[in-house]
Amino acid sequence: MVKRFILALILGGIFSALVIAGNADAAEKAKNPVVVMETTLGNVKIELNQEKAPVTVRNFLDYAKAGFYNGTIFHRVIPGFMIQGGGFTVDRKQKETRAPIRNEADNGLKNDRGTIAMARTANPNSATAQFFINLVNNDGLNRPNPDGFGYAVFGRVIEGMEVVDRIGATPTQRLNMLFADIPVTPVVIKAVKVMK
C-alpha cells in the first residue's frame, strides 16, 4: 500500500512537471507585446497580436519605439463608432510616415469593441501610422466589408477601456473636411511605451 502511494506520488510529480513545462512553453509562445498609451485623459494598455497580424504589429511597434506617436492627437472621435489618432500633431500638422504596409484584415480578428485597427485610405494597402480603437462592435469594418478588404485589427485594449470611452465622449467640432470630428480640447497621446 505504501509502495503504491509513493509510486502514485512520483508519477503525479512527473506528470505535473510535464504539464508545467508544456504550459510554460505555450505561455512563452503566446506572449504578445503590450504597450501603454499615455494620453491626457489617462492610460490605455493594449495587447498586440503578433501571431495574427505580424506585419501590422511590427509596424506599430517601430513607430512607438521611435517616439513617433509622442505629441500626436486623437483627431477623429465619433461616439458610437471609434476614436482615431496617431498621425497629426496638436497644431494639426500631419507627420511624415514610412511606406505603407500590407493589409492584414484577412487574419480572422474582428473589429469588436476595444480592439485596435489600422486606419487607411480607399487603397486597402495604404495604412502607415494612424490607428483607431473601436468603441462598439463594428462588423461593417470586417473583411470583406466595406470594400472587399476590411480594416486590419492587430490588438485589443486590456486595461483602460474607461479612458477610451472618455475620449469617445469628448465634445468635438467640425473645422473642415479633414477635421470634421476633432475634439474641441485636444486629446494628446503623450507616449506609447512598449512594456514587453
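The values are calculated or read from the model by the stated rules, or taken from the named source; none is laboratory data. Keep in mind that this is a model prediction, so the values were computed, not measured. No Cβ is skipped: glycine too gets one built from the backbone with ideal geometry, and neighbour counts run over all protein chains shown. Ligands, DNA and RNA are excluded from the accessible area calculation, which covers all protein heavy atoms including side chains. Shrake-Rupley method; radii C 1.70, N 1.55, O 1.52, S 1.80 Å.
When you scan region 82-120, how many residues do you find that are more than 21 Å from G148 (Cβ to Cβ) and either surrounded by 23 or more Cβ atoms within 10 Å (Cβ to Cβ) or not acidic (D, E) (or both)?
Of all residues in region 82-120, those more than 21 Å from G148 (Cβ to Cβ) come to 83-99, 113-114, 116.
Now restrict to residues that are either surrounded by 23 or more Cβ atoms within 10 Å (Cβ to Cβ) or not acidic (D, E) (or both): 83-90, 92-95, 97-99, 113-114, 116.
Number satisfying all stated conditions: 18.
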Legend entry - Matching option when the condition is crowded, with 17+ Cβ neighbours inside 10 Å and touching a Gly at 6+ places or on another chain (Cβ under 8 Å), among I182, I167, I189: I189
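Looking only at region 56-89, which residues are polar (S, T, N, Q) and more than 25 Å from N107 (Cβ to Cβ)?
Within region 56-89, the subset polar (S, T, N, Q) is 56, 59, 70, 72, 84, 89.
Result: N70, T72, T89.
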Inset, instruction - Looking only at region 143-160, decide whether some residue is among the charged types (D, E, K, R), open to solvent by 10 Å² or more (accessible area, probe 1.4 Å) and closer than 22 Å to I189 by Cα. - result: yes
Inset, instruction - Please specify each residue of region 31-67 satisfying the condition of being open to solvent by less than 60 Å² (accessible area, probe 1.4 Å) and assigned to a helix (DSSP H, G or I). - result: P54, V55, T56, V57, N59, F60, L61, Y63, A64
